[in-house]
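Since the structure comes first, as structure tokens, the remarks are kept for the end.
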Amino acid sequence: MAQFFKNFPLVTYNFGDEVTPSLYQNLSVFIKLIDEIKDDIAFYSTLFIQDYDRPDTLSYKLYDTTEFYWTFYYLNTDIRESGWPIPYQELLPKAKKDYPHRVVTTTGNISKTFLPGHTVSGSVSGSTGTVIKRYLDLGQIVINSANNFNAGEILTPSINGVAQTADVIRVTSDTEQYNSTHHYENSSNEYVDIGLVPSGTGTGAFPTVSSFTPITYFERITAKNDSLKEIKVLIPEVAAQIKTEFNKLLLRG
């Protein structure tokens, strides 16, 4: 990787509280060469990244050298912005790590209560936790808790150890955060508002959503990761020429 940066122009930069600036490669330099040719089908083909392919190993498969790994990022805006796709087997552990909490849903009115930082307790499960955030449009309360809550039980918020019994709600469902609904989509894969109108403590019903598809956090992560796998790659005949011209442009500054 160091070889790729060796031709980047040097600039002075103060790291942290340093008084004397240091010379450092100007990583903000962005050459438009590849952007200008990436839509010309004469220069590239498309392929699907396989599980456990890395940029360097894929470069070796295509060009018998690892040194063209950087072209994948310049040719593909998505992986340049979102990163390299990860193997399918690593998606669930990642989802659990990124979304580790419990999600309680309710049709109750939580617009002025169950605020982040409030503690909560379940009347039947005995589970407790701390509110992390709320999604009012989905009737969701995200709770940092090691235990699950029971559907149908009463959830009571507390502030500084004082139970707010006037603000209780009834739990409609409970699940892991990564398995909870992130949003709903219609048949055109467009985000839709389910039109939840909360009232009382939450004994009502959710709107009919049978015509919509719930998309969980895990499904969203998986779909995004899959979308990163189809990429453009330079055809071998032009890869070396592109590298040479790229370095010439860098040296010109």
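The values are calculated or read from the model by the stated rules, or taken from the named source; none is laboratory data. As the structure is a prediction and not an experimental result, all values here were calculated from the model. Neighbour counts are summed over all protein chains in view; Cβ atoms, including those assigned to glycine, are modelled from backbone coordinates with ideal geometry. For accessibility, only protein heavy atoms count, side chains too; no ligands or nucleic acids. Shrake-Rupley method; radii C 1.70, N 1.55, O 1.52, S 1.80 Å.
The condition (being open to solvent by 30 Å² or more (accessible area, probe 1.4 Å) and modelled with pLDDT under 90) is satisfied by just one residue among Lys232, Lys243, Lys224: Lys243.
Looking only at the stretch 137-186, which residues are of a type in the set (Asp, Glu) and in contact (Cβ under 8 Å) with a residue 40 or more places away in the chain?
Going through the stretch 137-186, the residues of a type in the set (Asp, Glu) turn out to be 137, 153, 167, 174, 176, 185.
Those that are of a type in the set (Asp, Glu) and in contact (Cβ under 8 Å) with a residue 40 or more places away in the chain: Asp137, Asp167, Asp174, Glu176.
Just to be sure, is Pro100 closer than 25 Å to Ala205 by Cβ and in contact with a helix residue (DSSP H, G or I) (Cβ under 7 Å, 6 or more places away or on another chain)? Spelling it out, it is not the case that Pro100 is closer than 25 Å to Ala205 by Cβ and in contact with a helix residue (DSSP H, G or I) (Cβ under 7 Å, 6 or more places away or on another chain). Residues in the stretch 152-171 include none that are surrounded by fewer than 20 Cβ atoms within 10 Å (Cβ to Cβ), under 13 Å from Thr105 (Cβ atoms), out of contact with any helix residue (DSSP H, G or I) (no Cβ under 9 Å at 6 or more places or on another chain) and of a type in the set (A, V, I, L, M, F, W, C). Answer yes or no: is there a residue in the stretch 245-253 that is in contact (Cβ under 8 Å) with a residue 40 or more places away in the chain, in contact with a helix residue (DSSP H, G or I) (Cβ under 8 Å, 6 or more places away or on another chain) and of a type outside the set (D, E, K, R). Yes, the stretch 245-253 contains a residue that is in contact (Cβ under 8 Å) with a residue 40 or more places away in the chain, in contact with a helix residue (DSSP H, G or I) (Cβ under 8 Å, 6 or more places away or on another chain) and of a type outside the set (D, E, K, R).
Run down Val209, Val197 and say which single residue is surrounded by fewer than 16 Cβ atoms within 10 Å (Cβ to Cβ), in contact with a Phe, Trp or Tyr (Cβ under 8 Å, 6 or more places away or on another chain) and part of a loop (DSSP other than H, G, I, E, B).
Working: Val197 fails: in contact with a Phe, Trp or Tyr (Cβ under 8 Å, 6 or more places away or on another chain).
Testing whether each residue is surrounded by fewer than 16 Cβ atoms within 10 Å (Cβ to Cβ), in contact with a Phe, Trp or Tyr (Cβ under 8 Å, 6 or more places away or on another chain) and part of a loop (DSSP other than H, G, I, E, B) leaves just Val209.
Filtered by the rule that a residue be among the small types (Gly, Ala, Ser) and over 30 Å from Pro198 (Cβ atoms), the stretch 66-105 gives Ser82, Gly83. Considered as a group, the residues in the stretch 43-99 that are open to solvent by 20 Å² or more (accessible area, probe 1.4 Å) and of a type in the set (Val, Ile, Thr) include one that is nearest to Val233 (Cα to Cα), and that residue is Thr46. The strands (runs of 3 or more DSSP E) located wholly in the stretch 115-174 that include 3 or more residues which are modelled with pLDDT of 95 or more and farther than 18 Å from Gly202 by Cα occupy 128-135.
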